[in-house]
Each structure stands twice: as structure tokens, then as C-alpha cells.
Amino acid sequence: MATLMAQLEEVRSRAEMSLSSSSSAQEVRTGVTAMANLALPLSSKYCHIAAENMVKENSTGNNRKETIGSMQRLSTALNILEKYGSNLTNSNRPKYWRTVKHNNPVFRATVDSIQGGRAVLCLYGYTNQQADGLSFPEEVQEPDVEKVASITLEVMSLRMELDMLIQGSHPHPEFFERLISSLSPQEEESNAVPFTTSERAWEKEPQSLSNPKSLSTTLASNKPADNCTICGIFPVSAQCPVCVQRLCSECDRLYHSHPARANHSRISVASTIPAKSISASLSSWQCVHCTTVNRMQDVLCGTCERPRLASAAPSSATPHEEPPQSSIISEWQCKSCTVVNSASSVLCEVCERPRLATRPPVTPSRPAAPVLGQRDSQWVCQFCTYVNHTPSSVCEICDLTRAEPGPPPTSLKTPSPIKEVSTPLSDKPKATHTDDLDLKRQKLMKEEGLKLIQLIREGEKNGVSPEEVYAGIHVTGNRNALPCDWLKTELPALLDEICLRAASSPHGPKVHCLEGSLEYGGQEAQKSGGVHLSRAEAKQAWLTAGGNSEKAVIQALRDRQAKVKELSVLGFTDSARCGEALRQGGGEVRGALALLQRPLLEPFHQRMWSDQPEPPIDIHHPDKQRLCRRLLAVYDLPSWGRSELALSLLQDPTAPYTLEDVVQAVRESHDRDFIRRVLAKECPICLSVFPHSKMQSLTSCQCSVCCDCFQQHFTIAIRDKHIRDMVCPVCWEPDINDPEHLNSYFSTLDIQLRDCLEPEVYELFHKKLTEQALIKDPKFLWCSHCSYGFIYDGDQLKVTCFQCRNSFCALCKKPWESQHAGLSCEQFQLWKRENDPEYQKQGLAGYLRDNGITCPNCRFQYALARGGCMHFCCSQCRYQFCSGCNNPFHTTCSVIQCSVTGLHAHHPRDCLFYLRDWEPARLQALLQKEGVPFNTEPPHGTQAGLCGVIEQKDEGTHQTDSACGAQTRPGQAGLCEKHYIEYLVSLINGHSIDPSPLFNANELVLACRRYQVEEPRSEADDDRTYYSRLLKKLMEHVPLGDKVPRKK
């Protein structure tokens, strides 16, 4: 027993490894087979699932057959559970692997119908109970593959044992017979030999698994001869102990032809099945319904046409057992449509019926037998099975001749009351005459139908409709040839004959006798001599009548009457005009309606296509509905209520609105108050009231002005101002110092100005836009004589202006002098200081002029000092910047941490904006510390007392350039204090000197707060240590200004 348990553990471990690692199906089957064949009871073999309880609780029946049926249902349920486990162990799991739905018909018919099915699902991990099924808990992301593989292995093994038990090939059926007493066959009880405990197979010493050959030999000795493991059809002829397979000769040859299995040694197995039974089972199969023996390759029975696997009929005399099934099901056949499906599919691929569904019952239809005494008045057509109620010899449906009646029935004799003679019944009933007639009728109908289908297909190729083919066959009487020639040559004449007969039908009562009441035909005939049909109407009636000319005439008259009535309902009561319109329209009501409506639409067409303008809408017209209809038609208002609202607004005497404004406002909204607000907008410039459609607004703000003020504002801005002045006239938005906002703003403004400006003004706007774009080109130069700009592609320093023909330097922008030739700009500047008397007289005033203000946006130079206000606005591009550090001034700050509102700029610590508050002595001390020389005395020959530095001054409404004129002080090189500080700061900036070492404690703390430099202070730090560390961090983390002019 211990050795068998060790052997079980070894087999289990190998099989679980194969199952969890997605090995081949053959390896998994080998492990399952070895585990199922072990001679151990169910309680010892299965440690995860309650196998004994499942077998006991699901075994129902009083005899062996009923118990085997219940075991088969349990095996089917285990097969479905095996699919669930295989899906969980597979690396490519299905999309909805986390849930199992109860409403699945396969689940309800298999797993949910047995005891213990849901317990196996809980072992898999489906422990979360839901309203419609089971699912994995939400915290479980992946299933436990090893555990699921162990449970799936036991499910597969138990199902294989049940299959072997059902087929009678289980090597140890005594384990199941002990659990279920009804499994023991009653006829073998007398011959049964009880075995002792010493003869029990599970207590014998088995062979070790290290020798597969001995194990397979032991298993083969315990297992009787059966069919091949692979094909399941042919008997076993050889057994391979290496791969544990029992194969027939053909499967053995194919399976061991693989190079990896070519060296396996097989053991020959002698079949115990008689040769006669084997050959019979292989060459034929017997239908369980009608007991007909069919060939092996036939899928349906040749007699009853039932599928091979169909169950026996309820009234069959002797039930037959179903053929044994293979233990491993690789495919299954649908019992409804006989299609063979793969084992993994639950529904049939063709009819989509469940795998376990039976074939729906087929109830053959039989024609009703004729009743005695009614043979002459009622008979059944043998071709179309239609019950005719007239004594005619031709069927009313298929127009085929009635078959000759058989001999009259013999007279019924009254049974004798004295003696009754019983006639013995024969074992086999004789075929009746009615069955022969049914077979002949079905065969004849099939042949006629196939012929008709072939003719219809040929007719479609030739452009002939199926109706024409059928009617032509009926008229010609030839059912074997396509009547194309007849339809082309004879049908037109036949249709003309039908039209002529309809037109020459003067008597209405004759039509009454033939086919119902046709009052229209009689009245029309009395008035105009008949009904004039078109050939299309005649053809349609002929096809409807199936080729019968008489019926076609009646059908045409009936159709014409119905169409005339339909037109009369639409308002056209003149039957003569309606009939003529139908004839011209080919019998179509739509075409006749178009012909009848054309005269009514003629005035409308003349008004639409005339050259006369549309008359204006008179809002004071008394017919309000007419006005609303015109508003709906002309202005395309969304509803009748909107048109009434527009009309009420137009008729309001207190609000003189135009029709176009009201219509546009009504299209936008149905609120009367909102429409009044839209129609009464006040212009903030001229204070006039206009509708919203007459107002203009920019995309950069919410302001709206009237069209006249909008046009006038931008016309003046383009002609007399700079392009940066083209902003909103109300709020002066947007701030177009930002280049990104500038490009997007002008691209949108261009679309608005295109339609409201005069052509010459719009061209000037585009010219200024072009100049604005050219300024950003690095090759663009401004003339220092006349302020004319152009693109210069040359590489020489001397540049001649195209406007004033004067020359200047391309680098320093100074007027060109002959001494500049061959010298750099710095060398030429040094030469002028040493040799030009006029330049020497100017002193530092000339220095400040030469190092004047340069616009960072357009690079235009100004010979002006930086003293006074640091906010400078370029006259060329209107760029606003700081003249000390060249940083832009703006109202909308791009710095995230900035909390300053209004016009401002962010200056570095070495900008003149902060250093202009220092004393000259402090700035001189900073220069002396760095060893930079500076001037303190005025140049020789200059007039002392007044500062001569040129600066920009505001005089009324304009700005002028003039001398400073402030009083000078001794020791400041002949400059006023303001310009002398500017001179010292220019030296500091030219040598990139950091002024922070001269900061006092307050200035240092303020600078760190301004540039967001934080340094924690400990209690042990004194002021000197803390401020030294704070100064060092400020100098390391906050650099000097990158745009500060560094000219020396």
C-alpha cells in the first residue's frame, strides 16, 4: 500500500507539472491514464475533491443500466469542469475567466445538475457568490495555477475512470461496486468468486516507476483488449511501454514514425474480440431508430435519414446500447445538424445549439385523406398538395391536370352478427397505395422544381425576370426550354391585344360575372368606350395573372380602378385626367401624380425662375399665417413658433428692428428678453444702440464696438500709429509684447480687417506686418541717418542706405568715416578718443551717447543716456523694456511666483534700476576693489557747470532729445550726479562686477527675498556667519543679468 502511494505521488507530480506548464496533450493524457489505472480506492487516490461522495450522491437507479446512465451524466459534468480548470491553467486565458454564469444552458444542464459541481468550482477559486453566478474575489489578480492543476488532474482522472467504468474496461471496477451496489451485474452473481484480502491488487507489491516497461506490462495485463487509444475505432495490435500507448497497426506506424519515437520498442497484443464482430463493426453501423444497417462512411441513415448518433424512437421495439465513447473526447457531433465540432466548443458552429441538446422532433406532413362521398367536390393535387374545392380537372394553384381517379371502392358489407372471423396480422405491414403516390408526387415536384430553377437562372443571365419565365412557360406549354425568343417576339403583340381588349370592353356586367364587381370598367366603357392601358400596365397584369390573358384584362381593370381611387383621395377627382396620367406614367401612381401636379406648380415655377426680384415681406399684411409661412420658407427658421416670435418683434412699434437682424436673433434663441438684449447693444465709443450683428469684437477680450467705430479705430492706427497700437479701443488688450501672443493675435485680426477696411489701408496693414517680421531677421539693419530699415547680405563693414545714400558701419551703427577702414569698431572708437578734438571735448557725455540705448527687439540704437525713468518704449517697434537690463515691461507676468500686478519688469541685482540709488563713492569703492579705473575730472577745454548729456524729455504730447542741463559737481568728470552714476554703473556692467559683496544686512535680506533664496539660521549662528553663508548662496544660485549691456 505504501509503495502504491509513493507511486501515486510520483505520477501526480509529473502530471501536474505537465498540466501547469502547458505541455502537449499527449503528455497530460499519459499522466492521467497512469493515475486512473492505479489500484487504489477513491478515498486514497483523490485528496482534493470528494470523489467518493460525488459518486455516491450522483448514482441513481435501481439497476446497472440506470446507474451507468447517471455515471455518464456525472462524466459529462466532470468534462465541463475539466474545461474550466484547463482554461485557468492555460497561459492564454479567455477574456471572461474570472466569472462563471448560472444562466449558461450548458452549465445548468451539466455542472449545476450534479452534486458537488459547485464545490469543485470553489476549489478552483470561484468563491465569490454573485446574483448571476460565481467569480474570483476582487483582490485575487491571478489564479493559483499549481492548485488548479492539482484539482484539474483529479477531475480528469475521475472522469477517465468513469468512462472506463461505463465502457466496461476499468481495470479495478470493484472500488466502484463497493460504493454502488447496483453496479454489480446480477447474472454474474452466481459465478462471482470472492477474493481474499491477500489477493487485493492494491496490497500487492507493484513494480517501481523507474522501470516503465514493467509498469506498462502490469497495466496491460489488468486491462482487457479494447480499441486504439488514438483513433478509438480499430482494435489494439501493439503496446508501447515507453509512451504508455495501446495502438492499432496504422496509428502505431504513423505515431512512431517521428524521429523522437522511432526507437521505442512495442509489445504485440492479440485481440480477444472475434474477427467476425470486428469486421462487422468496422464496415457498417446499425441505426437505432429503424435498425437499418448502413455503411461506415454514411452519416445519415439511408431509410429514416436520422443521424448516426441519434437516440432511439420512443416506440422502438428493442433499445440498442450506444457505441462506447473514447475516454478523451477530441470532437463531438451535433445531434441536430450532424456537424462535427471541436471538443472545446460548447455550441454548434452551424446551428448554435448546445452540445447536449437533442435533435428537434420532425413531424412529417401528410396530405389529408379524401373523405368518402366528397370525391367529386373536393380533391388534393398530387403535385402541389393544394386542396381544390371545384370539380375542375385542373389545379387552381399549379394549373396541372388532375390524375385519373382509381377504381371505385368496393361496397362496404355489414358485418355478420352471428360469426366473426379473425384474420391473422402479418408481421410486416404492406406498403399502401397512398405512400407510393406521395413518393411519386414528391419526386415529380422535385424534378419540376429543379427544371424551373434552371430555367430561371438561365433567364436571369439573359435579362428575363423569374415572373416572365414562369408566365412564358405557362403560355407556351414547353417546360424544358427557356421562352426568351417568345418573350421578345410574341409578348409585345399579346400585350397590345390585352390593351385592345381592355379598351374595347363596353359592358360592365360581363366583368361582374367574371371577377367580382368592377363598376369603374363599366362606367368608363359607357363614357369613352373602354379603358386605355399602357403596355407596362398590361405586362404587370399579365405577370400577376400568371400568363392568362383573360385574367390579365380583369386584373388590369381592377388595378386601374384602385389607382384612380387613390388619386381621387389625393384631390384629383377627374377620372379621365387620372386615367390619362396613369397611362402616360406607365401605371405608376407616383408618375401619374407628378403629371397631375405639374400644372398646379406652373405658377410657382414661373415665379421661381423669373428674373423679377422677390417681393419684400410686408409685415403689416393682414394675413399673419401667410407672413409666417414666408418667413419659414425664405429665411429657413427652425419652427413655426420662431416665425411667430419674429413677426411679433417686427410689428412692435417701440423697437424699430430690421428684418435681417430679427431673423438672425430668433435663429439663436427663443427667449424674447434675450433677443431684445441682443438687438439693443450699446457701443462704448459712440454710445449708440445697435443689434448684436452690427457689433464687432476681438478674440482677445469681451468688448464690443459698432462696425463704424471698429473701422475708424483701426484705420487711424494703421495710417498714423505703430502696428503695436492695433489693440482693442476700449480695454487696450492684448499685451502684444509677448511674441507668441503677437503672432496669433495678428493672424486673427487679419481675417477681421479684410472685409471692413478700404483696400489701400488693408495693404498698408500688410506692409507694416511685413516690416514687423523683417525686424526679427538677424541681417536686418537700421540706417543711422534716416531710420530706414533693410536687409543687408554683404560682409563689409561699410553699408550704404538705399533711402538716403549715406554710409554707416554695419556693426557699431556709427556714421562711416574714412579712418574706420581697416580698423575694428573698438580700434576706431579708441582712435576717436585720442585724435578727434570734437569727441574729446564731449568727454563722458560722448561716451554715454556712444553707449546709448539699443532696442533688444529690433536692435535700433538711440544716442541717449539711461538716466531718469528706466521704462523705455522703442519708437520703431513699440517694444517696452528696461534701459538698464533690457528685460521687458509687461502687465501679464510670465513668472509663476510673481504677485506684482500692473506694468512692471524683473530686474537683476546689477541693473541700473537698483544701483542708481547708491552713492557715487560706494560705486567707486566697488570699482577700486576690482581694480577698474574711472574718471573724476572733466576733459580739458570743456565748459564746466552744466551737464551736456543728451536725453529724451517729454514736452507736452511728444518727446524730444535735448541736453540734460543739470548742475555738475566737482569730482564727477563734468557730469551731473545722475549721469555720473550711470557712467560708473556702465563700467560695473562692462566688467561684469557683482555688487552683492557691498550689500548691507537689510539689502542682502531684501535681495534674497526678491529672488526667493532661503537659508535656515540655527541658534548657534551669529550675524556675521549667517550673512556670509546667505551671501554665498545668493551669488551661487542667482546669476547676474543675461541681457544687461556689457559694452566697455
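The values are calculated or read from the model by the stated rules, or taken from the named source; none is laboratory data. Please read all numbers here as calculations on a predicted model, not as lab measurements. Cβ placement follows ideal geometry from the backbone for every residue including glycine, while neighbour counts extend to all protein chains displayed. Just the protein is used for accessible areas: all its heavy atoms, side chains included, with ligands, DNA and RNA removed. Shrake-Rupley method; radii C 1.70, N 1.55, O 1.52, S 1.80 Å.
Carbon and sulfur together cover what percent of the accessible area of the stretch 955-1041 at a 1.4 Å probe radius? Ligands and nucleic acids excluded, carbon and sulfur reach 50 percent. Distance between the 7 Å Cα→Cβ label points at H474 and C731: 8.3 nm.
Sequence-distant contacts, meaning Cα pairs under 8 Å at least 6 residues apart, place the relative contact order of the stretch 1-131 at 21 percent. The residues of the stretch 650-764 have, on average, 56 Å² of accessible surface per residue, using a 1.4 Å probe with all protein chains present.
Computed from the C-beta positions of Q130 and K95 and an R0 of 22 Å, the FRET efficiency is 0.80 to the nearest 0.05.
Less than 5 angstrom separates the built amide H of G789 from those of C783, all sequence-distant by 5 or more or on a different chain.
When the surface is traced with a 1.4 Å probe over the full set of protein chains, R261 keeps roughly 60 Å² accessible.
For the pair H766 and Y1026, a Förster radius of 60 Å applied to the C-beta separation gives a FRET efficiency near 0.45, rounded to the nearest 0.05. Of the residues T1025, T152, the one with the largest accessible area comes first in the ranking T1025, T152, computed with a 1.4 Å probe on protein heavy atoms.
Could you tell me what percent of the accessible area of the stretch 57-108 is made up of carbon and sulfur, with a 1.4 Å probe and every protein chain present? In the stretch 57-108, the share of accessible area belonging to carbon and sulfur is 46 percent. Of the peptides 646-658, 704-716, the order by per-residue mean of other Cβ atoms within 10 Å, starting with the highest, comes out as 704-716, 646-658.
Peptides 756-763, 624-631, 877-884, ordered by how many other C-beta atoms sit within 10 Å of their residues on average, highest first, read 877-884, 624-631, 756-763. For the stretch 742-820, the relative contact order comes to 17 percent (Cα pairs under 8 Å, sequence separation of at least 6).
What pairs in K768/K832; K83/K335; K446/K488; K65/K443; K488/K565 have C-alpha atoms more than 32 Å from each other?
Values: K768/K832 38 Å; K83/K335 21 Å; K446/K488 29 Å; K65/K443 44 Å; K488/K565 34 Å.
Among K768/K832; K83/K335; K446/K488; K65/K443; K488/K565, the Cα-Cα distance tops 32 Å for K768/K832; K65/K443; K488/K565.
Shown is the FRET efficiency for C304 and V350, computed with R0 = 30 Å from the Cβ-Cβ distance and rounded to the nearest 0.05: 0.90. Approximating the spin labels as points 7 Å out from Cα along Cα→Cβ, the Q72-to-L500 distance works out to 7.7 nm.
Once you have the Cα-Cα distance between E10 and R1017, take 0.36 nm times their residue separation minus that, and quote the gain in nm to one decimal. Walk me through the intermediate numbers first.
Values: separation 1007, 0.36 × 1007 = 362.52 nm, distance 7.36 nm.
Contour length minus Cα-Cα distance gives 355.2 nm.
If a spin label sat at a point 7 angstrom from the Cα of V394 along the line to its beta carbon, the backbone N atoms of the stretch 453-495 nearer than 20 Å would be those of 467-481, 483, 487, 491, 494-495.
Model label points for V895 and S688, set 7 angstrom from Cα along the Cα-to-Cβ axis, are 4.7 nm apart. You can think of it this way: the chain between D777 and R295 has 164.0 nm of extra reach, that is 0.36 nm per residue less the Cα-Cα gap. Packing, taken as the mean count of other beta carbons within 10 Å per residue, orders the peptides 678-690, 63-75 from highest to lowest as 63-75, 678-690.
Under the classification rounded if a/c is under 1.5, otherwise prolate if a/b is larger than b/c and oblate if not, where does the stretch 116-164 fall, given a ≥ b ≥ c as square roots of the Cα gyration tensor eigenvalues? Oblate is the answer for the stretch 116-164, as a/c is 1.5 or above yet b/c matches or exceeds a/b.
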